[in-house]
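Read through the structure below, which is laid out as structure tokens, and then see the notes.
The values are calculated or read from the model by the stated rules, or taken from the named source; none is laboratory data. These numbers come from a predicted model, not from an experiment. Virtual Cβ from ideal backbone geometry, glycine too; neighbours counted across all protein chains shown. These accessible areas exclude ligands, DNA and RNA; they are computed on the full protein's heavy atoms, side chains included. Shrake-Rupley method; radii C 1.70, N 1.55, O 1.52, S 1.80 Å.
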Amino acid sequence: MRLDSALSEGEASYDYSVITVEHVLPQNPSAGSKWLQWFPDDEERLQYVHRIGNLALLSRNKNAEAQNYDFDKKKEKYFVSKKGISSFVLTTQVLQQSEWTPAVIEQRQKDCLESLRKIWRL
């Protein structure tokens, strides 16, 4: 949440009773899913699943909706609601991507870590 707040330049406001961490690339993708096309090797996929570059923040209700959907449907479940889009910067960054491949996660990982280095003056 500190990273998300910093990325929003301190403008983020969190008014949720429970905020959860969502894996964009699911921990257990469904057979035949686009995920398995982008990450065909089980061992390689496991290297990306729990990295900060693959994580997003969601309210508990949104997390329950996201499940193991393919990327396009997952984005729709993250962002399309009666109340508008997600207030989490880390989550809205996902919307900018047309696909969620190893290269996308690696770049996002690099960007997030660089932001954390600046925030924590490492």
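For the pair D42 and E114, the difference between a 0.36 nm per residue extended length and the Cα-Cα distance amounts to 23.1 nm.
Within the shell of other residues whose beta carbon sits under 12 angstrom from the beta carbon of N28, the net charge comes to 0, with Lys and Arg scored +1 and Asp and Glu -1. For the residues V104, V94, a 1.4 Å probe over the protein chains yields an accessible-area ranking, largest first, of V104, V94.
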